[in-house]
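Engineer: Before I ask anything, let me first share the structure, which is written out below as structure tokens.
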Amino acid sequence: MSNGELILYTTEDGAANIQLRAADGTVWLTLNQIADLFGRDKSVISRHIKAILDDGELAQQSVVARYATTAADSKTYQVDHYSLEMILAVGYRVRSERGVQFRRWATTALKEYLIKGFVMNDERLKDPAWDYFDELLERIRDIRASEARFYQKVREILALSEDYDPKSHIAQEFYATIQNKMLHAVAGGTAAELIKLRANPNQPNMGLTSWKGERVRKSDVATAKNYLGESEIKELNLIVTMFLDTAELRTRRRQTMKLAEWEGVLDGFLRSNELPILRNAGSISAARAEQIAFERYEVFDAKRKEAERLLADQTGDLAELEQVAEASKALKKRGRHA
């Protein structure tokens, strides 16, 4: 079972900070944490848990799980954790003010987080004193402009076209066409052109500004967006969001469109924002750009491996010198005591 992620809950009196472990669609606490949460001795909590299980109110296999926990002695132990159902059931029995507060939080903010993956404090965002609204918008744009989200939204828009056929050549190429037009507008090239121009085996991380995982891998180097700078990403996210809003407005107003007309809508959108418009398919194919990227990656990866080998050799040599120095000190010390 996954150890999950941690959610911090602070009691309203500020006296306790509780780390809830989120996993398998619920949250989990240890016996000690439940005692801290409700402000009761753990023997009281233990007695309530036993009664709840003995009465058959909850089934042990569904509300008790073992997770690795690091204790105060820095050792790791497997410790019983109790699910949200059990925590709430105990809360009803102890009848503490903290229990009421936790149930209120669990049925609102915690429930929303577990279902949606986020929680928004609407009143705080409306308050000008809390100047985080622009940051939230930036993060939403970045999510909305992600490859999977963008493709899904474009597919939904295209499906409303009166002549839409998912198997048609136009439908299959439309996504690549609008993606290239947007990249050209912010970075001056199609996806393939940007890869050819910016993939550089002699640059740190091969010229990429973002990638999955801890280090650049072959699968990262054939994605044009991975080479964009911060300002280009922000501008691209804005364009994607604005275009999707324009397209959604047309569909909500039941403006019938043919598939081929959508490219003109995008061109008009770019023109109205004084952005350059791509008039052709670009100077290099996607297949050729991918081949170039992979070839350059092989050069980059070979250099990286050699650099890592040299570093390992230097580290080994240094360790060996340190051992020699320590041995020399020990001999001198024994000589003085002889």
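Laboratory data are not the source of any read-out in this text; all were calculated from the coordinates shown. None of the values given here were measured: they were computed from a predicted structure. Neighbour counts run over all protein chains shown; Cβ positions are idealised from the backbone, glycine included.
Engineer: If R₀ is 30 angstrom, what is the calculated FRET efficiency for the pair LEU311 and GLU290, using the beta carbon separation as r and rounding to 0.05?
Structural biologist: Computed FRET efficiency for LEU311 and GLU290: 0.45.
Engineer: Which entries of LYS167/LYS234; LYS225/LYS258; LYS50/LYS75; LYS196/LYS234 show an alpha-carbon separation above 31 angstrom in the structure shown?
Structural biologist: LYS167/LYS234
Engineer: Report the FRET efficiency, 1/(1 + (r/R0)^6), for SER283 and THR69, where r is their Cβ-Cβ distance and R0 is 45 Å, rounded to 0.05.
Structural biologist: 0.20
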